[in-house]
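The values are calculated or read from the model by the stated rules, or taken from the named source; none is laboratory data. Just so you know, these numbers come straight off a predicted model, no measurement behind them. So basically every Cβ, Gly included, is an ideal-geometry build from the backbone, and we count neighbours across all protein chains shown.
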């Protein structure tokens, strides 16, 4: 009788612990998915910010130092880029601008060619801590001086 009670209690305990482990993992996966979704929105917002800066004045983009990290700041009713790191909640958003070169003959973007002052490669990165690990998502696109 005593053995049967111990076996029953052991089975119930294992079942409860298993259910708790599954629940904990489900919460963790849900949190990761939520953060990834927020990061995707922040990446898209970053792309829109760069487009707004370009539309206001191409010098907002062309005057940036290639390869340097910039951070988006909303102040005084307008977006700007700053070299001072800032966060949005748990997220850090960085914007980096790279020079673009074109093949003289074809006009295609290439690794080595003639510098195209009217085109820049923009990389927006979002990073955050998730369970002790640094997670980074990025978005790259070309932006053009469409107003000159």
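Of all the criteria given as (1) exposed (fewer than 11 other Cβ atoms within 10 Å of the Cβ); (2) farther than 23 Å from residue 50 by Cα, the one not satisfied by residue 147 is (2). Taken together, the residues in the stretch 88-108 that are modelled with pLDDT under 95, assigned to a loop (DSSP other than H, G, I, E, B) and under 21 Å from residue 135 (Cα atoms) amount to 1. Here the condition is being within 14 Å of the chain's Cα centre (by Cα) and in contact (Cβ under 8 Å) with a residue 12 or more places away in the chain; of 73, 100, 95, it holds for 95 alone. Which members of the stretch 124-144 meet the condition of being closer than 14 Å to residue 61 by Cα and surrounded by 16 or more Cβ atoms within 10 Å (Cβ to Cβ)? Residues satisfying the conditions are 124, 143. Being at pLDDT 95 or above, outside any helix (DSSP H, G or I) and surrounded by fewer than 16 Cβ atoms within 10 Å (Cβ to Cβ) holds for only one residue in 66, 85, and it is 66. Set side by side, the residues 44, 48 differ, and just one is without any contact (Cβ under 8 Å) to a residue 60 or more places away in the chain and under 14 Å from the mean Cα position of the chain (by Cα), which is 48. The selection criterion, being assigned to a helix (DSSP H, G or I), under 30 Å from residue 128 (Cα atoms) and either under 16 Å from the mean Cα position of the chain (by Cα) or without any contact (Cβ under 8 Å) to a residue 60 or more places away in the chain (or both), holds for residue 26.
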